[in-house]
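Scroll down for the structure; my scribbles are underneath it.
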């Protein structure tokens, strides 16, 4: 048979996880390949970029979409399992699961609503220019990747999160050397401060760091505590980093005080990791060109 589209893979993938055990993406791909009776040639058929097998890519997207709808959840690096909602969905004896069905769940709608779609009118696919379609596809890919990164950050141990913070700040131009930064972050734990890092390679100023791998929303009291710790150090700048979110009161407080405190939540951290190449790797590059009319102009 031909390679199924990713929506046709959703229900079989969810059924595969109904035993409640943890499953890796690799073993899921192999099991579903057998279920769909794919030949070795079909399993090896690559995307136009030549970077990944088509079937592997489609199983990966089926998993991502169902995670965004709350049917599957990440358990540890590279593994996932069915959720109570996923079990409830299977009990309905559905004939198929597709995007239209996933849109019945608010978490999936939120996933599809990117920041760009909030800022500008949503473009209907039938009316979109090729450039608009390309940008919309990029937004979807970036949003999905950010979600995967955030889920990974929340499942990794705190020590790994500290390492990621170091790598990200270094990629952004802070911290001087990797050795200096590694010794600073996650070492002090002093008076509400997790570490310090140089603002530039010369160390002309110091930034104090609070990095917390939390699930609960960070409120104003935590930011006040951090601000007090900065005052105790006579510090002017600080960064509070969390894998969760900040309340409006926390953000209002941080923006209203003299001490400069930057708040970075999980979504922002994931975006910065993508922008600076931390924990991600390029799959393919597509160069879009246009006609150079100046080249054809007569001199």
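What about residue 25, is it surrounded by 12 or more Cβ atoms within 10 Å (Cβ to Cβ), without any contact (Cβ under 8 Å) to a residue 12 or more places away in the chain and within 29 Å of residue 284 (Cα to Cα)? Against the criterion (surrounded by 12 or more Cβ atoms within 10 Å (Cβ to Cβ), without any contact (Cβ under 8 Å) to a residue 12 or more places away in the chain and within 29 Å of residue 284 (Cα to Cα)), residue 25 does not qualify. Yes or no: region 44-57 includes at least one residue that is surrounded by fewer than 14 Cβ atoms within 10 Å (Cβ to Cβ) and not in a loop (DSSP other than H, G, I, E, B). There is at least one residue in region 44-57 that is surrounded by fewer than 14 Cβ atoms within 10 Å (Cβ to Cβ) and not in a loop (DSSP other than H, G, I, E, B).
From the set of residues in region 237-266 that are farther than 18 Å from residue 209 by Cα and out of contact with any helix residue (DSSP H, G or I) (no Cβ under 6 Å at 6 or more places or on another chain), which is surrounded by the fewest Cβ atoms within 10 Å (Cβ to Cβ)? Steps first, answer last, please.
Initial filter on region 237-266 (farther than 18 Å from residue 209 by Cα): 247-249, 252, 256.
Filter once more, keeping what is out of contact with any helix residue (DSSP H, G or I) (no Cβ under 6 Å at 6 or more places or on another chain): 247-248, 252, 256.
Details: 247: 15, 248: 9, 252: 12, 256: 7.
Among them, the one singled out is 256.
Which residues, taken from region 6-21, are in a loop (DSSP other than H, G, I, E, B) and either touching a helix residue (DSSP H, G or I) at 6+ places or on another chain (Cβ under 6 Å) or surrounded by 13 or more Cβ atoms within 10 Å (Cβ to Cβ) (or both)? Please lay out each step first, then the result.
Within region 6-21, the first condition is being in a loop (DSSP other than H, G, I, E, B), and the residues that meet it are 17-21.
Hits for region 6-21 are 17, 18.
Candidates 74, 87: the one that is modelled with pLDDT of 85 or more and either in contact with a strand residue (DSSP E or B) (Cβ under 6 Å, 6 or more places away or on another chain) or in a loop (DSSP other than H, G, I, E, B) (or both) is 74.
Being within 30 Å of residue 57 (Cβ to Cβ) and without any contact (Cβ under 8 Å) to a residue 40 or more places away in the chain narrows it down to one of 234, 290, 248, so name that one.
Values: 234 fails: within 30 Å of residue 57 (Cβ to Cβ); 248 fails: within 30 Å of residue 57 (Cβ to Cβ).
Exactly one residue qualifies, and that residue is 290.
Just wondering, is there one or more residues in region 228-239 that are within 25 Å of the chain's Cα centre (by Cα), under 28 Å from residue 171 (Cβ atoms) and not in a helix (DSSP H, G or I)? Checked against the condition, which is being within 25 Å of the chain's Cα centre (by Cα), under 28 Å from residue 171 (Cβ atoms) and not in a helix (DSSP H, G or I), region 228-239 yields at least one hit.
The values are calculated or read from the model by the stated rules, or taken from the named source; none is laboratory data. Nothing here was measured: the structure is a model prediction, and the numbers come from that model. Here Cβ is always computed from backbone atoms with ideal geometry, including for glycine, and neighbour counts include all displayed protein chains.
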